[in-house]
1. As I understand it, the value is the acute angle between the Cα axis of helix 201-225 and the longest principal axis of the Cα atoms of the chain; what does it come to in degrees, rounded to 10?
2. What spacing in nm lies between the two simple spin-label points modelled at Ala116 and Leu98, each 7 Å away from Cα in the Cβ direction?
3. Provide the three semi-axes, in whole Å and in decreasing order, of the ellipsoid equivalent to region 79-230 as defined by the square roots of 5 times the Cα gyration tensor eigenvalues.
4. What are the lysines whose alpha-carbon lies under 27 Å from the alpha-carbon of Lys48, with same-chain residues fewer than 8 places away excluded?
5. What's the ranking of 8-15, 78-85 by average number of surrounding C-beta atoms within 10 Å, highest first?
6. Would you pull out the residues with amide H under 5 Å of Gly23's amide H, same chain only if 5 or more places away, H placed 1.01 Å from N?
7. Angle check, please: helix 155-165 long axis (alpha carbons) against the longest principal axis of the chain (alpha carbons), in degrees 0 to 90, nearest 10.
8. Using a cut-off of 17 Å between alpha-carbon atoms, which aspartates and glutamates can reach Lys118, once sequence neighbours fewer than 8 places away in the same chain are excluded?
Amino acid sequence: MELLLAVTASLAAGFIDAIVGGGGLILVPALFAAYPAAAPATLFGTNKGAAIWGTALATWRYARRVELRWASLLPAVGTALLGSTLGAWGATQVDARLWRIALPVILLGLLVYTLAKKNLGRAHAPAYSGSAEALRAMAIGGGIGLYDGFFGPGTGSFFIFLFVRVLGYDFLHASASAKLLNTATNAAALTLFAATGHLWWGVAACMAVANMLGSWLGAHLALARGAGFVRGVFLVVVSALIVKTGWDAAITWTTVMA
């Protein structure tokens, strides 16, 4: 029964993650509900062990249909890997409660800005080229990679928003580019979890199959419906993240003030 819950959640997470990110909003709570006695690090590692396959499949699906700007994105993959590794190390050294409290406020600002800019991300008009674009993409990869390794929730949404706002991509191209970088940050985190024994290989393998199926369906729908559809899903997912992280922040604040 526990595995069925995890596999079903992994299917749904892959679907959402392929479109706009945020699959962890579904899968991580489901794992904690299914295996309440497990060590959190093991559940996080098992989540990464499943999610990386769906994210990689979505990247491949997008790359076949959407023109990715590889000259800028490949260096950004390197900085995302470095940032994620440093962030994971930092998570062992620093109390992350401040991030937990601040995150819903940051996400709310992102949501309000996107709603206010009605045409944001509807047209694909890259604002830079060459080294200017590559340097900005590397900064995005390193910064959000650091955040992903250190804390994590909303990583895909942050990648997409910055690709749209800073680089001028539409939401479809931003989502495709985000999948590539998110695969890199997932790989860095998964390597750390696997090396420390925090990964249930059998459970992760079953979840990975479901995650890939959901990812294939989500990427297919996003490619068929285009940037406007991805923008709409982005707004829904960010709204859900605000509710979830706001609740977590309230609990954390109560603990800090106690």
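Where a number appears in this text, it was derived from the coordinates with a stated rule and is not lab data. As the structure is a computational prediction, the values presented were derived from the model and not from experiment. Cβ: placed from backbone, ideal geometry, glycine included. Neighbour counts: every protein chain shown.
1. Orientation of helix 201-225: about 30 degrees from the principal axis.
2. A separation of 2.6 nm, rounded to one decimal place.
3. After scaling each eigenvalue by five and taking roots: 27, 21, 16 Å.
4. Excluding near neighbours in sequence, the set is Lys179, Lys244.
5. 8-15, 78-85
6. When sequence neighbours closer than 5 places are left aside, the close amide H contacts are Asp17.
7. 10
8. Result set, ordered by chain and number: Asp170.
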